[in-house]
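The values are calculated or read from the model by the stated rules, or taken from the named source; none is laboratory data. All values derive from a computational prediction rather than experimental measurement. Note that each Cβ is placed from the backbone with ideal geometry, even for glycine, and that neighbours are counted across all protein chains shown.
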Amino acid sequence: MIWPGIIFMIIFNFIPMYGIIIAFRHYTVMDTMQTAEWVGLENFRIILQDRFFWESVTNTLAISFMKLGIGFVIPIILAIMIYELREGMFKKIVQTISYMPHFLSWVVLGGMLISWLSTNGLLNTILSGLGFNIQFQNYLLNTDAYWWIAVLSDIWKSAGWGTILYLATMAKIPASHFEAAEIDGASRLQQITHITLPMLKGIISLNLMLNISGLFGSNLDQTLVLMNPQNRTNAEVINSYVFRMGIAQGDFSYATAVGLGVSIISVILLLISNKMTKKLNDNSSIL
């Protein structure tokens with residue numbers, strides 16, 4: 001039964017890796033991978049001197065670190081809050097509402113955000129109705145506000161879905177642990193601190209490792225939907241930059257070189273984060 005998946009990975013993940021050689025050639029649509037001129041590390045030298053590339057790196061790291069600092073803990077807190085609710089209709093409603101944004105594409109969510117954050121949008125209307133003396137503006141045209149918009153909207157979309165692994169892990173915690181703690185006089189907060197969170201160490205470590213290794217990655221769909229000429233300075237991330245250089249401008253060799261460099265750095269970050277997370281798991285690796 002796993003053969004279809006293996007064949008899929010071979011065709012779409014392993015065979016295309018041969019195309020990495022484009023990063024070391026001057027490739028155009030008129031060439032083949034073998035006939036394109038070999039330029040060695042020239043594309044990488046150009047990358048290091050490209051101001052727009054470094055701007056995209058800055059934006060990517062800023063948004064990723066903000067997502068890591070804020071968005072990583074929110075699914076954990078939300079999962080514990082849902083877990084602590086009594087079984088019933090309210091718990092199911094909370095779970096359903098928190099999951100819903102995940103199933104909407106960024107095209108839909110982006111359209112909603114563009115409308116809500118416009119000059120006459122929902123956000124300005126609410127703030128004005130609450131009595132705030134605000135200057136009506138389109139927040140997506142505000143360059144300084146874009147990082148927060150990108151981070152908070154991504155958390156809104158993914159936080160509910162991110163609770164699934166934590167809830168599945170908490171469901172395996174024996175009820176006897178909580179019963180014994182309650183007999184000993186432990187409060188609910190103490191039970192969460194000394195039972196629930198230690199039981200989540202493994203899955204927290206795995207998610208932390210994946211988040212750290214993905215610091216140089218970013219949500220391309222979100223960026224393409226929310227980016228505009230006014231906020232491009234703070235909105236352009238590495239993935240959108242590669243897309244623009246490779247697909248839009250046809251510089252396939254340059255875009256491949258950028259992608260290869262980012263992939264190598266991501267592998268290095270994965271190994272470093274694995275070393276770091278060992279301390280959370282009694283010096284045992286989760287890989």
- Task: Please work out if residue 209 is closer than 14 Å to residue 72 by Cα and under 26 Å from the mean Cα position of the chain (by Cα).
- Result: yes
- Note on the structure: Listed by first then second residue, the pairs whose first member lies in the range 158-173 and is at negative phi, whose partner is aromatic (Phe, Trp, Tyr), with beta carbons under 7 Å and at least 6 positions apart or on separate chains, are 160/99; 161/99; 167/83; 170/83
- residue 134 fails exactly one of (1) of a type outside the set (Gly, Ala, Ser); (2) part of a helix (DSSP H, G or I); (3) touching a helix residue (DSSP H, G or I) at 6+ places or on another chain (Cβ under 9 Å), namely (2)
- Flag if residue 158 is buried (at least 16 other Cβ atoms within 10 Å of the Cβ) and not in a helix (DSSP H, G or I): no
- Query: Do any helices (runs of 4 or more DSSP H) entirely within the range 172-287 hold 1 or more residues that are over 24 Å from residue 158 (Cβ atoms), and if so, which?
  - Reply: 175-183, 188-191, 232-235, 252-277
- Task: Check residue 163 against each of (1) farther than 30 Å from residue 112 by Cα; (2) part of a helix (DSSP H, G or I); (3) more than 14 Å from the chain's Cα centre (by Cα) and name the one condition it does not meet.
- Result: (1)
- Could you check, for the range 98-110, whether at least one of its residues is in a helix (DSSP H, G or I) and either among the polar types (S, T, N, Q) or over 28 Å from residue 211 (Cα atoms) (or both)? yes
- Message: I'm checking my understanding of the structure. Among residues of the range 125-154 that are surrounded by fewer than 19 Cβ atoms within 10 Å (Cβ to Cβ) and within 16 Å of the chain's Cα centre (by Cα), which one is nearest to residue 112 (Cα to Cα)?
- Response: 152
- Task: Would you mind stating whether residue 115 is in a helix (DSSP H, G or I), more than 22 Å from residue 266 (Cβ to Cβ) and over 23 Å from the mean Cα position of the chain (by Cα)?
- Result: yes
- How do the pairs read when you match residues in the range 86-114 that are farther than 17 Å from residue 166 by Cα and at pLDDT 90 or above with residues anywhere that are in a loop (DSSP other than H, G, I, E, B) and basic (Lys, Arg), using Cβ under 7 Å and keeping only pairs 6 or more apart or on different chains? none
- Message: What's the number of the only condition in (1) among the β-branched types (Val, Ile, Thr); (2) over 29 Å from residue 64 (Cβ atoms); (3) touching a residue at least 12 places away in the same chain (Cβ under 8 Å) that residue 183 fails to meet?
- Response: (3)
- The lone condition residue 200 fails out of (1) free of Cβ contacts under 8 Å to residues at least 24 places away in the same chain; (2) closer than 30 Å to residue 61 by Cβ is (1)
- Task: Please work out which residue is farthest from residue 138 (Cα to Cα), limiting yourself to the range 175-232 and to residues that are of a type in the set (Val, Ile, Thr) and surrounded by 13 or more Cβ atoms within 10 Å (Cβ to Cβ).
- Result: 195
- Query: Assuming residue 169 fulfils every condition listed in (1) crowded, with 17+ Cβ neighbours inside 10 Å; (2) in contact with a Ser or Thr (Cβ under 9 Å, 6 or more places away or on another chain) apart from one, which condition is it?
  - Reply: (2)
- For residue 116, state whether it is closer than 30 Å to residue 191 by Cβ, of a type outside the set (Val, Ile, Thr) and touching a helix residue (DSSP H, G or I) at 6+ places or on another chain (Cβ under 8 Å). no
- Message: Given (1) at pLDDT 85 or above; (2) crowded, with 16+ Cβ neighbours inside 10 Å; (3) closer than 27 Å to residue 167 by Cα, identify the lone condition not met by residue 252.
- Response: (3)
